[in-house]
Amino acid sequence: MLLTEIRRNQKLAAKRNPMYDRNRFAKFLIYLFIAFWAAYLILIGVTLPIAFEEGFPTMEPYDMLNACLPGFLFIDFLLRFLFPTPVQQIKPYLLLPIKKQQLINVLLVQVGLKAFNLFWLFFFVPFAAMTVIRFYGVTGVVCYALGIWLLMVANAYWSVLVRTLQRRHIVWVLLPVGCYVLLAVGGFFYSYVSDFSMALGEALIQGKILAYLGILVVIALLAFLNSRVQMACIYSELNRREKMPQVKHAGRYRFLNHFGLTGEYMKLELKMIFRNKAPKKNFQMMTVIIVSFALSLLGFRHAGEEEFFSLHLYVVYCFTGYAISILSRIMAYEGNYLDGLLMHRGSLLYLFRGKYYVYCLLLVIPLMCMLPALILGSISVLLVFSQLFYTAGVTFPVIMLLVLMNRKTAPLDASLMGKGQWNSPYQALSVAFAFFAPIAICRILFIWMEPSTAYLVCTLLGVPGIVLHPLWCKLLYRKVFQKRHSLMEDLRETR
């Protein structure tokens, strides 16, 4: 069967990867991290019904959860941007005597059968066991779990469709933005979305066939659209002609000449971001997300305990966006031309400093985007500036530690069928740290002190990293220079 053969080939490809042996410990950490979040979701699923019963005594807890289903689907949609699309995985099979449409269909079936589609059941099944089982028994819990799984499968196909289209052209980002804006408007100002979500959730619990058939029709429609779009992407990629890049404005960034060699490497970083396809796409996509999140902050008014996580996540994401999308691939992009960088002994030191300065300068973009929310008082000035200093002094140095782990070259002009976005499991760990560490620190500090004092502590945590950046950049350079031979070998093998 083609599905099992492709799955077997994918496992063999992973084992034959030069980084397989080095990544085993990191994979163990990833599995440990997944187990932690699974346990965390189970804990929330058990305790949340009590909070719903106390806060909304006139409604059943499962009705309140069903009203929030669009929010869970939106979070799941964002998380799926970490996964590759089928059109990226089909390249090794294009020369085989197999129909491309059949390959696409098999890879789309893999999307629906991914284990990640079951991950949210760690939350919904314990929640249903605490609330649904009292009225509908075990059958209701099983029917509800089946319905949630089908919704996540539909969301997977929706996510694949959006990711494939936006990789062809950034304008397609407006499609999901428009859909979720309409859902947000319908949820906040009208009750249509929540009423429909509650009715659908209750129908799933009761095991009504029409509810399941409706979701299956949506899955079939999205799978059909994905099949057509993926085929179109393949043919457009095969027929694409490489255009010779025209270098314009050779004297751009002249103001950086005042910084000497560090300024030259800052120019190199800026040119890498704005001239190469892969970093440029990441920068454009992240700019759209940052602007969207900054506009979402306008909706926060007198944020209370229930909005703590969302508020802090939006602010943290705005500041760390460029770092997790581009800086986390440090040395992976440089692997394309590392031979030239190592010709001079201190070149990597200037490169690290230049990168740090560039991403500190890019923090101005999210800061400007959040100015309307600051002026209207939707968010605290102390919160914004504490996360600004924390990002520059703690998050950036931690992400730049990936120079010691990233040993797989990433293509600068990756196409739709280019290599995967992740260099190593350590990259995922650094992204998780960038997202959740500042939120966890604020939550812990809030237990013992006032919010203003907690934000001041977060600011002070970032100051040493900013002030001592010449020192830790030099230490990082020395560590990399000691491993330069093995680093060069690994990056050359994976070009």
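Bear in mind that the values in this text are calculations on the coordinates, not laboratory data. Note that the coordinates shown come from a computational prediction; the quantities given were computed from them, not determined experimentally. Because the Cβ atoms are built from the backbone with ideal geometry, glycine has one as well, and the counts that use them run over all protein chains shown.
A compact table of results
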read-out: Cross-link table 280/483; 99/281; 271/355; 267/474; 281/479, entries beyond 22 Å C-alpha to C-alpha; value: 280/483; 99/281; 281/479
read-out: Fully extended contour minus Cα-Cα distance, from residue 360 to residue 196, at 0.36 nm per residue; value: 54.6 nm
read-out: Inter-part distance where segment 174-231 and segment 126-142 are each reduced to a Cα centre, Å; value: 23
read-out: At R0 = 30 Å, FRET efficiency that the Cβ-Cβ distance of residue 39 and residue 264 yields, to 0.05; value: 0.05
read-out: Relative intensity, log₁₀ I(q)/I(0), of segment 325-388 from a Debye sum that treats every alpha carbon as a point, q = 0.15, 0.18 Å⁻¹; value: -0.63, -0.74
read-out: Peptides ranked, highest mean first, by Cβ atoms within 10 Å: ranges 155-165, 72-82; value: 155-165, 72-82
read-out: Volume in Å³ per residue [convex hull over Cα atoms, computed for segment 128-177]; value: 76
read-out: Efficiency of FRET between residue 54 and residue 437 - r from beta-carbon atoms, R0 41 angstrom, step 0.05; value: 0.85
read-out: Spatial separation of Cα centroids for segment 428-477 and segment 94-117, in angstrom; value: 43
read-out: Segment residue 217-residue 493, length gained on full extension (0.36 nm per residue, minus Cα span); value: 94.8 nm
